[in-house]
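Novice: Before I ask anything, here is the structure I am working with.
Values quoted throughout were computed directly from the atomic coordinates according to the rules given, and no laboratory measurement underlies them. Quick caveat: nothing in here was measured; it's all calculated off a predicted structure. Cβ: placed from backbone, ideal geometry, glycine included. Neighbour counts: every protein chain shown.
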Amino acid sequence: MLDISRCTSREELEEVVDLCDRAFPNTPREYFRRHILADATLRPEHTLIGRKDGRIVSSVQIFPRTCWIEGETLPFAGIGNVATDPAERKMGYAGLIMEEAVRCMKADGFPLSTLTTTINAYYAKFGYVTVPRDVAVFTAAPDAPHGGSIRQFQRPRDLDRVRELYESYNRDSAGPVVRDRQYWDAQFLFCGEDPALFLLMERNGRVEGYIRGAEEKGAVQVLEFAAVDRVPTTFASLLGALHAARPGMAVKMFLSERERKRISPLPPHTTQPDTDTMMLILDERSRQAVQQKLMRPGAYMFWGSDFF
């Protein structure tokens, strides 16, 4: 018998970290500490736990977020850290706790849920639908004179400007997370990026663009990008700086149709399909807008720095 409830304390969240560490031995424990304990936008009740004989043996975390959709906003719930103790698998516990998570998200008024996975067929059982995305792979640094200087992000000095760039660049897209100051502060704690790969483009003393990257599986993943004016040139220059920071590594970036147009002409690249993203419509009143603006192939733009 599995007793499912919402977390009520940090002590229970620490137990969830222990559970995830057991369930995913190839993922560093620090990853779970960041995502479960360091995000000040989350409350204990956003994590559901399943207890058996008093021990937490299964969990799921609900991440309350809001996204931009072409200048308007839509709340959504991300799903992450779905874990079951290795000694308790094959008992259906993950399914029970996911069913409860769907009920909770509906009760809390979320119109949409998203997750990333490589076991799409499993989450399809709960109503999630795969949303195809494209990944551009850049294997060589472009030749891109930029007429400016590139330097690393300095938080006290640059955060306000980066926040301005992020909002102006993303508010008309379909999918980027809406960020207030509390969320920005939390993100620096849970994101896990490499500060050496958070780079700014500066022209005439003013920051006109930035790029954030992280090493993932032998490549550099672009976590996010934003710019004003000369967007293709700024992107190519910052892409070249990522290549220079990690010589010999390919740079990968998720591209929506809109993003592809904004940074074109693109430097030489190949394109790979990706099916890791899934969505679940929780409120029928949002179905048409979500299907047309987020679930249509090539429409969704979600930055890796907001990963849950």
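Novice: Can you give me the relative contact order of the range 135-273 as a percent, contacts being Cα pairs under 8 Å and 6 or more apart?
Specialist: 38 percent
Novice: Which of the aspartates and glutamates could be linked to residue 52 by a straight reach, that is with a Cα gap under 20 Å, when you skip same-chain ones fewer than 8 residues away?
Specialist: Here the aspartates and glutamates satisfying the reach criterion relative to residue 52 are 3, 11, 12, 14, 15, 18, 21, 85, 88, 99, 100.
Novice: Ordered by residue, what ³J(HN,Hα) values in Hz, to whole numbers, does the range 214-225 give under the Karplus form 6.51 cos²θ - 1.76 cosθ + 1.60, where θ = phi - 60° and Gly and Pro are x?
Specialist: 8, 6, 9, 6, x, 9, 9, 9, 6, 7, 6, 8
Novice: Another question, then. Just report the Cα centroid separation between the range 1-63 and the range 140-195, whole Å.
Specialist: If you average the Cα positions of each part, the centres end up 29 Å apart.
Novice: Here is a further query. Taking amide H atoms as placed 1.01 Å from N in the peptide plane, list the residues 5 or more away in sequence, or in a different chain, whose amide H sits under 5 Å from that of residue 250.
Specialist: The list, which skips near neighbours in sequence, is 220.
Novice: Long-range amide H contacts for residue 208: which residues qualify at under 5 Å (H placed 1.01 Å from N, peptide plane, sequence gap of 5 or more or a different chain)?
Specialist: 201, 202, 203
Novice: Now, a different point. If you plug each phi of the range 232-243 into the Karplus form 6.51 cos²θ - 1.76 cosθ + 1.60 with θ = phi - 60°, what whole-Hz ³J(HN,Hα) values come out, in order, with x for Gly and Pro?
Specialist: Working through the residues one at a time gives x, 5, 4, 4, 4, 5, 5, 4, x, 5, 5, 4 Hz.
Novice: OK, next. What relative contact order, as a whole-number percentage, does the chain give when Cα pairs under 8 Å and 6 or more residues apart are counted?
Specialist: Contact order relative to length: 23 percent.
Novice: I've got another one for you. State to the nearest 20 debye the size of the charge dipole of the chain about its Cα centre, where the only charges are +1 on K and R beta carbons and -1 on D and E beta carbons.
Specialist: 440 debye
Novice: Given 122, 147, 165, which one lies farthest toward the positive end of the charge dipole of the range 117-165, if we put +1 on the Cβ of every Lys and Arg and -1 on the Cβ of every Asp and Glu?
Specialist: The residue sitting most towards the positive pole is 122.
Novice: To continue, here is another question. Taking 1 over the mean of 1/r across every pair of different Cα atoms in the range 1-144, what Kirkwood radius in Å do you get? Please list the in-between numbers first.
Specialist: Working: mean 1/r = 0.0603 Å⁻¹.
Computed over the range 1-144, the radius equals 16.6 Å.
Novice: About the Cα centre of the range 135-273, how large is the charge dipole given +1 on each Lys and Arg Cβ and -1 on each Asp and Glu Cβ? Please answer in debye to the nearest 20.
Specialist: Taking the Cα centre of the range 135-273 as origin, the dipole is about 140 debye.
Novice: Taking the Cα atoms of the chain, report the difference between the largest and smallest coordinate on each principal axis, in whole Å and largest first.
Specialist: 65, 39, 34
Novice: Could you list 307, 138 in order of exposure, starting from the residue whose Cβ has the fewest other Cβ atoms within 10 Å?
Specialist: Taking fewest neighbouring Cβ atoms as first place, the list is 307, 138.
Novice: Continuing with this model, one more query. Run the quick spin-label model on residue 96 and residue 152: label points 7 Å from Cα toward the beta carbon, then report their separation in nm to one decimal.
Specialist: 4.9 nm
Novice: Taking the Cβ-Cβ separation of residue 264 and residue 41 as r and a Förster radius of 45 Å, what is the calculated FRET efficiency to the nearest 0.05?
Specialist: 0.85
Novice: Could I ask something else about it? Kirkwood hydrodynamic radius of the range 1-61 from all distinct Cα pairs, in Å?
Specialist: One over the average 1/r among Cα pairs gives 11.6 Å for the range 1-61.
Novice: Could you quote the convex hull projected area for the range 135-273, Cα atoms only and averaged over all directions, in nm²?
Specialist: So the mean shadow area of the Cα hull is 8.1 nm².
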